[in-house]
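Remarks on the structure that follows.
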Amino acid sequence: MKTPAIEVRHLSFSYEEHLVLEDVTLEVEEGDFLAIIGPNGGGKSTLLKLMMGVLKPDRGEVRLYGKPPQEADIVIGYVPQETGHNLDFPITVFDVVLMGVLHRRNIWRRYDKTLKQKAFEALEKVQMASMADRRIADLSGGQRQRVLIARALCSDPQILMLDEPTASIDFNGQREIFALLEKLNEEMTIVVVSHDMSMVMGYAKHALYVNKTAVMHTIDPHTRYQIKQQLKDHKGHYCGAEFWQDMGRKIECTSECRHA
């Protein structure tokens with residue numbers, strides 16, 4: 001039997017006296033595309049940090065390919081939320097991506113040709129090679145997020161973890177990022193925290209609903225195909241309630257929703 005890429009067993013975690021996650025159990029198979037969804041404050045980002053080994057559970061365990069995160073001999077690529085902070089710092093797109101191989105510099109703390117080529121290839125994968133010499137501050141939010149993904153790809157990860165990669169990005173930008181993740185999923189396991197239900201349902205293979213506890217949902221290929229076709233016809237907001245209904249849940253449309 002194949003060892004899961006990620007195993008979480010009876011995991012609980014608290015920040016001081018505040019219980020954030022309780023008795024969470026799940027498995028992520030190698031090659032999966034898992035979206036972690038749920039309300040703000042439900043524990044999504046905390047669970048991601050526990051999977052990475054940044055945080056330690058109060059109870060239970062996390063294993064990556066059968067080993068604790070600190071002992072696992074695999075590489076995790078991490079992409080934080082693009083916040084737009086520090087845009088005044090004069091750094092190019094290529095320099096940002098080179099940070100992904102910072103630990104591989106030679107004894108003179110320089111990047112050799114091999115590392116520079118790896119950074120350029122990562123930019124090619126995210127279709128940003130033509131902007132390598134541009135200042136990171138001159139890019140759109142979606143373009144900057146692609147650069148952060150390229151930086152993570154420089155380490156040749158087996159698992160790519162992303163925390164809200166499409167926050168504050170317009171609809172077309174969201175669709176482009178998830179299409180990119182779908183392509184990368186051919187080479188690696190993807191775990192993404194997201195609020196974008198339309199994108200989750202159109203691209204992810206599983207959705208983990210986290211709100212202190214966790215429930216896993218399978219998104220079948222036919223559903224993904226149908227929603228992807230629907231997304232092509234939408235230029236802006238698409239009601240999240242429509243997607244929750246596909247998962248057997250009923251929610252009220254918000255006041256700003258065009259279906260309300």
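Each value in this text was obtained by applying a stated rule to the coordinates, not by laboratory testing. Keep in mind the model is a prediction, meaning the values are calculated, not measured. In this analysis, Cβ positions are derived from the backbone assuming ideal geometry, glycine residues included, and neighbour counts consider all displayed protein chains.
Neighbours of residue 48 by Cβ distance under 11 Å: Lys/Arg scored +1, Asp/Glu scored -1, total 0. Each residue of the range 32-42 was assigned a 3J(HN,Hα) from its phi angle through the Karplus curve 6.51 cos²θ - 1.76 cosθ + 1.60 (θ = phi - 60°); the sequence is 6, 10, 9, 9, 9, 10, x, x, 4, x, x Hz, with glycine and proline shown as x.
Potential lengthening of the chain between residue 10 and residue 74 amounts to 20.7 nm, from the contour at 0.36 nm per residue minus the alpha-carbon distance.
Cβ under 13 Å from residue 213's Cβ, residue 213 left aside: what net charge do those residues give with Lys, Arg +1 and Asp, Glu -1? Can you show the working numbers first?
Details: positive: 44, 212; negative: 22, 23.
Taking every Cβ under 13 Å from that of residue 213, the sum is 0.
Computed from label points 7 Å out along Cα-Cβ, the spacing between residue 25 and residue 134 is 4.9 nm.
Seen from residue 186, the other residues with C-beta closer than 13 Å to its C-beta sum to a net charge of -1, counting Lys and Arg as +1 and Asp and Glu as -1. Peptide packing: for 127-135, 93-101, the average count of neighbouring Cβ atoms within 10 Å per residue gives the ranking 93-101, 127-135, highest mean first. Inter-label distance, residue 18 to residue 114: 4.6 nm, where each label sits 7 Å from its Cα along the C-beta direction.
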